[in-house]
Structure formats: structure tokens, C-alpha cells
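One structure below.
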Amino acid sequence: MENVALENRVFYPPADIAESANAKADIYEWAKKDRLGFWDAHAKELVTWFKPYEKVLDDSNAPFFKWFVNGKLNVSYNCVDRHAKSHRRNKAAILYESEIGKKVVLTYGMLYREVNKFANALAGLGVKKGDRVALYMPMIPEATIAMLACTRIGAPHSLVFGGFSPEALRDRINDCQAKVLITADGNFRRGTPFPLKQNADKAMEDTPTIEKCVVVKNAENEVNMKEGRDVWYHDLMAAAGSYCEPEVMDSEDMLFILYTSGTTGKPKGVVHTTGGYLVQTQATLKYVFDIKEDDVYWCTADIGWITGHSYVVYAPLALGTTTFMYDGTIDYPDKDRMWDMAERYGVTKFYTAPTAIRTFMKWGTEYPKKHDLSAIKILGSVGEPINPEAWMWYYENIGGGKAPIMDTWWQTETGAFMVTPLPGVTPLKPGTATNPFPGIEVDVVDENKNPADVGYLVVKSPWPSMLRTIYGDPDRYVDQYWKRFGDMYFAGDGARRDEMGYIWVTGRVDDVLNVSGHRLGTAEVESALVECEEVAEAAVVGKKHEVKGESVCCFVILKDGFEGSPELIDKLKKHVAVKIGPIARPDDVIFTGSLPKTRSGKIMRRLLRDIAEGRAIGDVTTLADPGAMQEIAAKYAGKED
Ligand code: WT7
């Protein structure tokens, strides 16, 4: 054992999980023999339809696919009504704890009532089927209620992560022309209230489509309520009727828009629809986290990201699970906060990101050791490749050496898990997401679309929870995902296959960074930098970081008459953080006289990455001005880290 490299060690499914697992090995054969039949069966089993669909898949207008054609349903009905009317009426739907220790339990019966009331409140503000509603909220139960209320009346929501800046919020509201914004007076971060509403106010200075702003009182912050525009959530709820008929939605009606970074400066509004999304999110959660009636399931993702949408809100609630939500920092009041809550709530399934695992690892084993984590049966990881050391640490110290780790590869665009082990079936190796989920056809191919050991990750056929388009920009949808490999969806990731056929995702091959599991376009950061009067040109690359995975590293050419200084470095870092949000704050700013470019003018980021990470400079023969590299390298060597 000792001499086997970590990533070559194999961990077999524990006997107890294998025996009682929702998914047994034969599920792969079933899906392979009859892919559409497999999805058809799950659509029938997992979704309550108002009217059955006529066809599983319509691929006549590729890549604009339709799933469960002409089926009628409502997502909030599937997430609350059907449980509130069953034996689950008094089962906890949401367990919530705030950083300062406020606790809320909402049973399915209670959640049903809240969702209905808020749906009526939104309708009362003039929100109709098809109208977009923006949400800028902390991880509070009201956020879930608001999402479900939107789906109840057929109004697509667009969540903007609470850590994003006012400008980022403004741009996202304007892109989808939202009519209403839902926010909160604030939330606590390390004991200090965060001014969410102030940020929202700044954004709303320039959002002509916003008619009303609903504010949840959460942090007792002083806030400005603009007459005629701003209304308190609790006032609306006090006046709202307790039943709202769910809107009958088509399978292909828009469920939500979620913005994500791409290779240009403008974020893409990824559009998800109703039927297919509800089928695949449920099927994947049910099998991968082996959801059982008595689970306490905790996904630590913020609802502002796709993981929060699919696996904090929609899939767990649709399956009638108890989902735990925490709003706060992971080390407040101390570094055992997460394990303290996992113990107190008896968490059985725990899903988090490698960046968090590496942070816990740095803090040491004493923190998880203080708590009884023996209820944990299955662990999950998402957001970036998990390094084998972090995998082992997680496995031993959080899972007690008995909980299999589900390394799930997927994206905002895929909506649900695509490559993932199954806990009762798949032998695990630290660092690989292993196999495509049943009914999903993923491959690693070379430039010519031929299967390869090392190459690009593609999806070879449509899947139910796939994005349908980019909001307002169908051409960008086609260009971005369906051009490079023709009829195969290109994910933007590189990958390799090992001798067991397992897929190892190696990271983005496009100009997208992954900072702490969050996507950031190099172009977004660059356009923020060139807004500064001192900056003539900027090139941004990701630099390996032991906790964040990648950090933002900027190479900056100043305009004539300006000089680099520590003050200017600070100013530029701050500008990016204010412009995009704190997650985009650069770790390094390096001033240079020129940038390495190909003869066609494309910045050679690979070379900049070599320099940023202190590697020897690679092949520079395609450079327009090979001397430029030496200069940059010298500058970097002299820089204090
Ligand atoms: C990108 C998608 C899906 C929710 C979180 C991020 C990377 C995600 C893994 C994994 C290796 C992963 C990819 C992907 N990624 N999960 N298990 N192993 N890489 O969603 O912001 O849409 O980012 O995250 O690079 O393309 P996202």
C-alpha cells in the first residue's frame, strides 16, 4: 500500500452502501441499451406532470434541443405541494442556521404556506408569467422561498451572488431586464453586518426596468427604503393570501437564467428550462448521494451559483429531502464551525468544494476531531479537480475512512452532474470524477473529434438538464458550445483517460480561470483593469494557488507618464475587487513594458503562466518579439512575493 501513489490507490464501495444503494451496477447497461427509455422512466418516476409529454427528445433543430415535449408541470408544485400533501407534511424541508446562531426549521407544510404567500405577493407587484425577477440575497430560507415563488408563477429568476459588486448586479439586471429585485437589508460576516441593500441601491441607480424592490429584514441594518419602489418582505407577507394556484408551465418554458463567466468581458446568461432540469437534477442526486428518507443533506454552495440552484434548492426539495443551509463564514466563531453544525444536525451527506477542503486541511485535524461526524455516509466534491492529497484528507478526517467521495464534474451549463462515481458501484481513485452518469455520453477527444487518451472533454449527445441558449444571444450559444467539435458539446475543459477508462478533468483550456471553484473570465478582469486611467494594456492569467486552486495574476502595461508603485498595485487590485467582486481580487500585479504576443496579436497566456508560476520559459519561437519574454521574466524575478 505504502508505495502506491495516491492517485493509483483504489477504494471499493463499502458493503453496506453497495447493498442498499439506489443505483446498482446494472443501471449502466440499462441506460446504454436504451438511453431515451432510461430518461423516460425517470421523468415518469420523479416528476408529477399536470399533462404527460408526447415525446422524450426532439432533436430536429439541433443544437436547440427539446426534452419531454409538450409536457406540462410546475416546479414549485413538485418541490412543495406534493410533499406537503403526503406523509412528509411535517418533515423538515429546510434546516437553517445563521452565522450568529439564529435557527429556523421549515417543514414541507410550512414551506408550502410561505411559498404560496410569497407567490401571491409577487403577483400583487405585477409579476406575470415570463417576467424576470432578480435575486441578490444571502443564504437565508427566504431566498429559497423566493426562488420557489417565482417558479410557482412562472417568472424566471436570475440570482446574482451576494458577493458580486453593484456594477455586476446592475449589468445582470439590465441584460435580462428584470422587473423586480429581491434582496435583504444585509447578513452577517464574521459578526459584522454586510450592506447588501446599499449595494442593491447603487445598482438600481441605473436599472430602468426595475419597478419594485422587495427587502427581507435579516440583519437589522439601517437601510434606505425608496418611496414607491422598495417594500418590506414582511409587510407583503402579512397581507398575502395563503394559496396561489401554480402556473401550468411547459417543459421547455424558461425556469431561470444564471450568469456565468465566459471568454469575453460580458457574462453569459445561461438559460435553463423546466422539465428536463427537474428530471436530471433529481435523478443525479438520488443516485449519487443515494438519497434516503431520513437523510440530513448539506451542500455548502451558495444559492447564487448553479450548485446552490440544483443541489441546495431544486433537487433536494423535489426529492422530499431535508436540506441544511448555513449563512456565514466557515471559521466563525472558530475553525470547527462546520463540524460543530454537522454533528448537531446529524448530517448524513456532505457536499463541498476542494478549495474549502484545502482550507480545512491547512487548519489541521484537531477541528474535525472535536466532533462526532460518524453520521456522514457519503461525501461530495465539486468546482475544480480535487488534488489527491486533499481527497485523502477529506476521506480520512471527515468521512472517517468509510464514506465514499463523489467527485462530480459538471457546469453551470450542464445543470446537473455529468461525470461522477456512483457510491454503491464505482471503485474510486483520488482525483478522478470516474465515469459519465448513466444516460450521459461524455468523451475525451482530440482536435479531430477522435477518442483520445489526452484531449478535450465533450458531450456527444443532448442531455435533459442542458442549457437551452444564452439569454438574448442564441448565436453566442451556438458559437461557444457547438462550433469547435460540430455536433459535440464542447465544455471548455481538458481531460485524460486512465487505464481503467476513468476521466480525469485537468482544467479549463479556454481563457477562463477557476478561483476557489468560481469561474472568472480573464477578459472580465482585463477590461476592469484597462478602465483605470494609468493602464494601457493588461493580460490576466491564473496562477496555481495552494488553497484557491488558481489566483488572479495580472501583467500590466502602463500608459506613458505613469510609473508602477506599491500604491498603484493596491489601487488596481482594489479596483478589480470593487468592479467585479472580492473573489476577483488579484493576488499579483506585475508591471511590464510589453506582452508576449503571437504574430496574429493573440496574447500567449501559456508563457505568462510559466512566468507567474516561476517555471522556465517555454517555446517562444512563435512570439512576435521574443525579447519581450526576457524582460517580463526579469521583472517578475525581481518582484517581492
Ligand atoms: C467548471 C464549471 C458545477 C458547479 C461548480 C462550478 C470545473 C467543476 C469539477 C470537478 C474538475 C471541475 C470545470 C468546469 N469543475 N467540477 N469535479 N472536477 N473540474 O460551476 O462555475 O459553471 O464551472 O468548473 O472546469 O468547466 P461553473
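The values are calculated or read from the model by the stated rules, or taken from the named source; none is laboratory data. The shown structure was predicted, so the numbers you read here are calculated from the model rather than taken from an experiment. Here the Cβ positions follow ideal geometry from the backbone for every residue, glycine too, while neighbour counts run over all protein chains shown.
Annotations for the structure displayed:
- Candidates Ala143, Ala119, Ala123, Ala149 - the one that is aliphatic (A, V, I, L, M) and surrounded by fewer than 24 Cβ atoms within 10 Å (Cβ to Cβ): Ala123
- Enumeration of residues in segment 215-249 that are over 24 Å from Asn78 (Cβ atoms), in contact (Cβ under 8 Å) with a residue 24 or more places away in the chain and in a strand (DSSP E or B): Val215, Val216, Val231
- Selection from segment 496-512 of residues that are β-branched (Val, Ile, Thr) and in contact with an Asp or Glu (Cβ under 6 Å, 6 or more places away or on another chain): Val505
- In segment 618-635, the residue that is nearest to Lys597 (Cα to Cα) out of those that are modelled with pLDDT of 70 or more and surrounded by fewer than 16 Cβ atoms within 10 Å (Cβ to Cβ) is Asp625.
- Among the criteria (1) in contact (Cβ under 8 Å) with a residue 24 or more places away in the chain; (2) under 20 Å from Gly191 (Cβ atoms); (3) crowded, with 18+ Cβ neighbours inside 10 Å, the one Thr329 does not fulfil is (3).
- Candidates are the residues of segment 433-451 that are in a loop (DSSP other than H, G, I, E, B) and within 17 Å of Tyr28 (Cβ to Cβ); the one that is nearest to the ligand (Cβ to nearest atom) is Ala433.
- For segment 406-424, the criterion of being assigned to a helix (DSSP H, G or I) and either outside the structural domain of Val104 (by TED's automatic domain parsing) or within 13 Å of the ligand (Cβ to nearest atom) (or both) is satisfied by no residue at all.
- Segment 67-94 - residue that is over 16 Å from Thr273 (Cα atoms) and among the small types (Gly, Ala, Ser) and, of those, farthest from the chain's Cα centre (by Cα): Ser86
- Residue in segment 501-527 that is surrounded by the most Cβ atoms within 10 Å (Cβ to Cβ), counting only those that are hydrophobic (A, V, I, L, M, F, W, C) and within 28 Å of Glu7 (Cβ to Cβ): Leu513
- Of all residues in segment 178-191, none satisfies being surrounded by fewer than 19 Cβ atoms within 10 Å (Cβ to Cβ), polar (S, T, N, Q) and either outside any helix (DSSP H, G or I) or modelled with pLDDT of 95 or more (or both).
- Hey, Ala403 over 18 Å from Thr506 (Cβ atoms), more than 11 Å from the ligand (Cβ to nearest atom) and at pLDDT 95 or above or not: yes
Per-residue answers, yes or no, for (1) closer than 30 Å to Ala41 by Cα; (2) without any contact (Cβ under 8 Å) to a residue 40 or more places away in the chain; (3) surrounded by fewer than 16 Cβ atoms within 10 Å (Cβ to Cβ):
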site: Thr469; (1), (2), (3): yes, no, no
site: Met488; (1), (2), (3): yes, no, no
site: Ala491; (1), (2), (3): yes, no, no
site: Glu499; (1), (2), (3): no, yes, yes
site: Leu529; (1), (2), (3): no, no, no
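- Summed over segment 130-142, residues that are within 15 Å of Tyr311 (Cα to Cα) and under 16 Å from the mean Cα position of the chain (by Cα) total 1.
- Residue ID - farthest from Lys571 (Cα to Cα), chosen from residues in segment 483-538 that are of a type in the set (Val, Ile, Thr) and within 16 Å of the ligand (Cβ to nearest atom): Ile503
- Options Arg89, Arg152, Arg113, Arg132; residue that is of a type in the set (Lys, Arg), free of Cβ contacts under 8 Å to residues at least 40 places away in the same chain and in the same structural domain as Ala178 (by TED's automatic domain parsing): Arg89
- Residues being in contact with a Leu (Cβ under 7 Å, 6 or more places away or on another chain) and either over 19 Å from Leu520 (Cβ atoms) or modelled with pLDDT under 95 (or both) - total across segment 564-582: 1
- Of all the numbered requirements in (1) buried (at least 20 other Cβ atoms within 10 Å of the Cβ); (2) in contact with a Leu (Cβ under 9 Å, 6 or more places away or on another chain), Ile357 misses one, and that requirement is (2).
- Residue tally, condition touching a Lys or Arg at 6+ places or on another chain (Cβ under 8 Å) and small (Gly, Ala, Ser), over segment 173-223: 4
- Each residue in segment 1-40 was checked for being small (Gly, Ala, Ser), crowded, with 17+ Cβ neighbours inside 10 Å and in a helix (DSSP H, G or I), and 1 pass.
- Annotation note: Cβ proximity below 7 Å between a residue of segment 299-312 that is assigned by TED's automatic domain parsing to the domain that holds Gln280 and a residue that is among the small types (Gly, Ala, Ser) and part of a helix (DSSP H, G or I) (sequence gap 6+ or interchain) occurs for Thr300/Ala356; Ala301/Gly308; Asp302/Gly308; Ile303/Ala143.
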